[in-house]
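One structure below.
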Amino acid sequence: MKRKIYDKLVQWKHEQDGATALLIEGARRIGKSYIAEEFARNEYDSYIMIDFSKAPARVKSWFDEYLEDVDTLLQNIQLHYKKTLTPRKSLIIFDEVQKCPRAREAIKTLVADHRFDYLETGSLISIKKNVENIVIPSEEEGIDMYPMDFEEFLWAMGNEVLMPYIQKQFEQQKPMGDFHRDAMHYFRQYMIVGGMPQAVAEYVQSKDFNKVDAVKRRILRLYQNDIKKYAGSALARVEAIYDAIPGQLQKHEKKFTLSALKDKARMREYDSAFFWLDDARIVNICYNTTAPNIGLQLNEDRTTLKCYFCDTGLLISLAFNARGIVSNEIYQKLMFEKLEINEGMLVENVVAQMLKATDKKLFFYSNYDKEEAENRMEIDFLLQKEKVTSRHNIRPVEVKSGKNYTLSSLTKCMKKFGDYITTPTVLHAADYKVVDGITYLPIYMAPLL
């Protein structure tokens, strides 16, 4: 499937010309290995892909035995994989490199040799077990890969013209008009199916939600097995957070309440577990900022957070767990907004997912002042301008799933923090409009913010 990261790989190849290796990091089953091999096949004369989840022990041992003898190391790799590589025209892929930390450490020597280009893929790259006793090479660049975004989903569905039109209307600040309904129909399909390539491929082929759900459940089982295998001493806490995510997001205010896990629980007990899930890319963490002014990170409160699932399609399969499968009836009701649940959890989760896919760090603002009602507000997301100035840097964004809603928090925010904010925005199911200084955007425009 067509993925945007491919162009970034091509850019890396031409700009670096072997001066660095590139590590593609992301959750399991988002297509890292696929895109790495597709890139190798199209852009190089030859390549070798070493899958360290399958590679025999002797291949792994070479990175210990021959690190000071690069000629022998590279000769052995070519002999084992029965492929001849051409200097400066070939690529070696270290797939699932976290399973062979010494190979990752060898990147320094291999890049200095400059014979071939090197691409790595991995998950759980930073957990202690995978970086113990190795030096992370400075010659390694990193790039994050995410589930398929809305435009990539449209491409998979055979529609390459809708997103450019959405972008044009966004830039010109005009309504979508006749095409808003079409865009929302695609968006709801994207929200329900999600962005995991295997699930999208199944949906494109069969349009059968039951088959799609079976694919998503296999991915969820893989994540659960990874937690059991790699979470170590944090296992119980990681599992508790993972299981609680749907219930926490179902609440009106989406902040993660630790007391739901254990009475008198404190963040210091659970911060390593949240970090593990974030590092595994299973969740997207959104931190509270104590003041929406110049620098959001300067006011970051890491003890208060929201924990979104990495993919909204997976979240649906995790949340609606009756009999181990989400029935086609439930999917149909979700598709046509007929299910009697608070859809806010899904809509807010998919917005977090879309923002994260554009490499944004997620922040929200929450203040429950018991004395001053004017200070009491919660803003779903705060986005910061790339170029920071002394005024008007922060874009407050509210996400609304239903047709009837109030904007008391947003209007309070505009009044209290007017000097710091710009373009107060509501993401909703209706078309573009501007009313009383607030910009209302259809929710599928979230990636363009």
request  = Determine, yes or no, whether E37 is modelled with pLDDT of 95 or more, closer than 23 Å to L222 by Cβ and surrounded by 13 or more Cβ atoms within 10 Å (Cβ to Cβ).
outcome  = yes
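From Y223, Y287, Y230, Y270, which residue is hydroxyl-bearing (S, T, Y), under 19 Å from the mean Cα position of the chain (by Cα) and over 17 Å from N367 (Cα atoms)?
Numbers: Y287 fails: over 17 Å from N367 (Cα atoms); Y230 fails: under 19 Å from the mean Cα position of the chain (by Cα); Y270 fails: under 19 Å from the mean Cα position of the chain (by Cα).
Of the residues listed, the single one that is hydroxyl-bearing (S, T, Y), under 19 Å from the mean Cα position of the chain (by Cα) and over 17 Å from N367 (Cα atoms) is Y223.
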remark   = Only one of R102, R88, R58, R3 is basic (K, R) and touching a Pro at 6+ places or on another chain (Cβ under 9 Å), namely R3
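Among the listed residues V111, V135, identify the single one that is exposed (fewer than 15 other Cβ atoms within 10 Å of the Cβ), more than 24 Å from D359 (Cα to Cα) and among the β-branched types (V, I, T). Even if it seems obvious, please write down each step before you answer.
Working: V111 fails: exposed (fewer than 15 other Cβ atoms within 10 Å of the Cβ).
Matching residue, one of V111, V135: V135.
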query = Regarding S126, is this residue part of a loop (DSSP other than H, G, I, E, B) and either aromatic (F, W, Y) or in contact with a helix residue (DSSP H, G or I) (Cβ under 7 Å, 6 or more places away or on another chain) (or both)?
reply = yes
remark   = Within the range 243-259, of all residues that are surrounded by 14 or more Cβ atoms within 10 Å (Cβ to Cβ), assigned to a helix (DSSP H, G or I) and of a type outside the set (G, A, S), the one modelled with the highest pLDDT is I245
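Would you confirm whether any residue within the range 98-105 is of a type in the set (S, T, N, Q), over 17 Å from A21 (Cβ atoms) and surrounded by 15 or more Cβ atoms within 10 Å (Cβ to Cβ)?
So the first thing to find is which residues in the range 98-105 are of a type in the set (S, T, N, Q), and the list is 98.
From what is left, the residues that are over 17 Å from A21 (Cβ atoms) are none.
Among the residues of the range 98-105, not one is of a type in the set (S, T, N, Q), over 17 Å from A21 (Cβ atoms) and surrounded by 15 or more Cβ atoms within 10 Å (Cβ to Cβ), which makes the answer no.
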request  = Report yes if S46 is within 30 Å of G194 (Cα to Cα) and not charged (D, E, K, R), otherwise no.
outcome  = no
message = Any residue in the range 275-304 that is hydroxyl-bearing (S, T, Y) sitting within a Cβ distance under 8 Å of a residue that is crowded, with 21+ Cβ neighbours inside 10 Å and part of a loop (DSSP other than H, G, I, E, B)? List the pairs, counting only those 6 or more apart or interchain.
response = T289/L296
key: Residue count for the range 344-400, restricted to those that are of a type in the set (D, E, K, R), within 19 Å of I421 (Cα to Cα) and within 18 Å of the chain's Cα centre (by Cα)   = 3
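The values are calculated or read from the model by the stated rules, or taken from the named source; none is laboratory data. Nothing here was measured: the structure is a model prediction, and the numbers come from that model. Cβ sites come from the backbone with ideal geometry, for glycine too, and all protein chains shown count toward neighbours.
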